[in-house]
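See structure below.
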Amino acid sequence: MNKEVIIYADGGCRGNGKDLTIGGYGAILIYGDKTKEIKKGFKNTTNNIMELTAVIDALLMLKEPCSVKLHSDSAYVVNAFKQNWIENWKRNGWKTSNKEPVKNKELWKKLIELTTFHSVEFIKVKGHSDNELNNRVDKLANDAMDEVEGF
């Protein structure tokens, strides 16, 4: 039986869609009574890259196959799995329904690989609401961006 792990992950980007952006992510991993927090900041990124990287890096922390309940306020990440976007992208040669290339394809492929190693249930949470752990990972992401800006 796989270990059951709860993950909350969030990413953000200041200046998203512009030049010289600052991004960051935060994640919390919970196994039994153990909790681990991670955060990391980046330059020249996007919000979607940070959301994906938060989930990928959190899953990479797990050293053996686990059953994961992954909480994210990113519709981009959650819906890709829950609404079968990924299956459609693969079937369409990594093109969107608009026949455009899927953005962040390499990150998606890494995340797909991790979901074949772990059993992952994606759970959408409302951002900036009363969810204590989601608010915490949002703070970690912002702290990581503050650290990058402080250089």
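The values are calculated or read from the model by the stated rules, or taken from the named source; none is laboratory data. Remember, it's a predicted structure, so these values are computed and weren't measured experimentally. Every residue, glycine as well, gets a Cβ built from its backbone with ideal geometry; the counts of neighbours run over all protein chains shown.
Restricting Lys82, Lys126, Lys105 to residues that are of a type in the set (Lys, Arg) and at pLDDT below 95 narrows the list to Lys126. Selection within the stretch 4-23: residues that are small (Gly, Ala, Ser) and under 24 Å from Leu59 (Cβ atoms). The member of this set that is surrounded by the most Cβ atoms within 10 Å (Cβ to Cβ) is Gly11.
For the stretch 26-40, does any single residue satisfy the condition of being surrounded by 14 or more Cβ atoms within 10 Å (Cβ to Cβ) and more than 16 Å from the chain's Cα centre (by Cα)? Checked against the condition, which is being surrounded by 14 or more Cβ atoms within 10 Å (Cβ to Cβ) and more than 16 Å from the chain's Cα centre (by Cα), the stretch 26-40 yields at least one hit.
For (1) among the hydroxyl-bearing types (Ser, Thr, Tyr); (2) under 14 Å from Ala80 (Cα atoms), each residue gets a yes or a no:
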site	(1), (2)
Asn104	no, yes
Lys110	no, yes
Leu114	no, no
Val120	no, yes
Ile123	no, yes
Lys126	no, no
Ser129	yes, no
Asp138	no, no
Ala141	no, no
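Looking only at residues in the stretch 47-69 that are touching a Gly at 6+ places or on another chain (Cβ under 7 Å) and not hydrophobic (A, V, I, L, M, F, W, C), the one that is surrounded by the fewest Cβ atoms within 10 Å (Cβ to Cβ) is Asn47. For the stretch 1-25, taking the residues that are more than 17 Å from the chain's Cα centre (by Cα) and among the basic types (Lys, Arg), the one that is farthest from Ser74 (Cα to Cα) is identified as Lys3.
If you check Val120 against the conditions, is it over 12 Å from Asp10 (Cβ atoms), over 13 Å from the mean Cα position of the chain (by Cα), surrounded by 15 or more Cβ atoms within 10 Å (Cβ to Cβ) and β-branched (Val, Ile, Thr)? No.
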